[in-house]
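Heads up, the thing below is written out as structure tokens.
Coordinate-derived values only; no laboratory data. Keep in mind it's a predicted model, so treat the numbers as computed, not measured. Backbone-built Cβ (ideal geometry, glycine too); neighbour counts: all protein chains shown.
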Amino acid sequence: MPFGYVSPEQEMRDKADFARKGIARGRSVVVLQYENGILFVAPNASRALHKISEIYDRIGFAAVGKYNEFEALRLGGIRYADINGYTYDRSDVTARGLANLYAQSLGMVFTESRKPYEVEIVVAEVGDAPEDDQIYRLTFDGSVADEHGFVAMGGVADAVAGRLKERFSEGMTLTEALDAALGALTEPGGERPPVSQLEVAVLDRTREHRKFQRLTGPRLERLIATGSPAETPPEGSTSPPDVSGALNGSPGDSAATAPEGDIDDGSGG
């Protein structure tokens, strides 16, 4: 047997272990359905290096692992969506098509490259009704899973998914879904991350044309304060903070997305 020979089975196992260790070093990301769409929540102290982004009108992207690797995948997905939407029709761009594209790319890198991508991604598409929503989870080797309800990836994903399973229920409001996500991402007895270290976005089926919207600043603070039991006012006190502008915005709030028709390239909040 040649010196330095490694069986294909052992090589694949080594690659898989390498990729899993790299993904586990990061913080978990949670994606879950709520009554009006799909919610993305990720602990992220960076304001420039996004884990959550828009791909197309109804499609969002979330990732964990090495930033340069999943950023290359995200940009490739945007190019694919733009070309197909322009050449054929915008309705021809689907999360399923993007998931197939990513699966082929990840699978090819895993089998042909000496170093696999240390990434795990979710591609989600919001439909006209909750039963039409699509959430696809892709792992480093190109495997695809069609998820329903919620998904947690990266970090201690199994523990986060277990906590989220206890809190999740169908038809939750946005406030309830955000509270469930933050509760799942927080270790028992630990403190929830501050708003400044959270990246939160939604695919909101009630919005016109472009469904993706980032939740930041005062709007996110109001949603968290309303959903947190610690912030619930005692009986007989004033009513809880008004969150009617959490999604639609108010005159003093900055816009949550880029101007109509532009693609969110992740370069801004």
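The equivalent ellipsoid that matches the C-alpha gyration tensor of segment 8-233 spans semi-axes of 28, 22, 15 angstrom, in descending order.
The stretch between Asp92 and Glu9, if pulled fully straight at 0.36 nm per residue, gains 26.0 nm over its current Cα-Cα span.
For segment 119-158 and segment 170-221, what is the centre-to-centre distance using only Cα atoms, to the nearest Å? Here the answer is 17 Å between Cα centres.
In a fully extended conformation the segment linking Glu112 and His209 would gain 31.0 nm over its present Cα-Cα distance, using 0.36 nm per residue. Can you give the net charge of the other residues whose Cβ lies under 14 Å from the Cβ of Ala19, counting K and R as +1 and D and E as -1? Counting the neighbours of Ala19, the net charge comes to +1.
Measuring between alpha carbons in the structure, the pairs from Lys115/Lys165; Lys15/Lys66; Lys115/Lys211 lying more than 26 angstrom apart are Lys115/Lys165; Lys115/Lys211. For Gly149, the residues whose amide H sits under 5 Å from its own are Gln33, ignoring neighbours fewer than 5 places away on the same chain, with H placed 1.01 Å from N.
Amide H contacts for Ser28 (H built 1.01 Å from N in the peptide plane; partners 5 or more residues away or on another chain; cut-off under 5 Å): Val156. A simple spin-label model places the labels of Ser143 and Arg20 0.9 nm from each other, with each point 7 Å out along Cα-to-Cβ. Less than 5 angstrom separates the built amide H of Asp133 from those of Gly127, all sequence-distant by 5 or more or on a different chain. Here each label is just a point 7 Å from Cα along the line to Cβ, and for Asp82 and Val156 those points are 4.1 nm apart.
Judged by the mean number of other Cβ atoms found within 10 Å, the most tightly packed of the peptides 67-76, 216-225 leads the ranking 216-225, 67-76.
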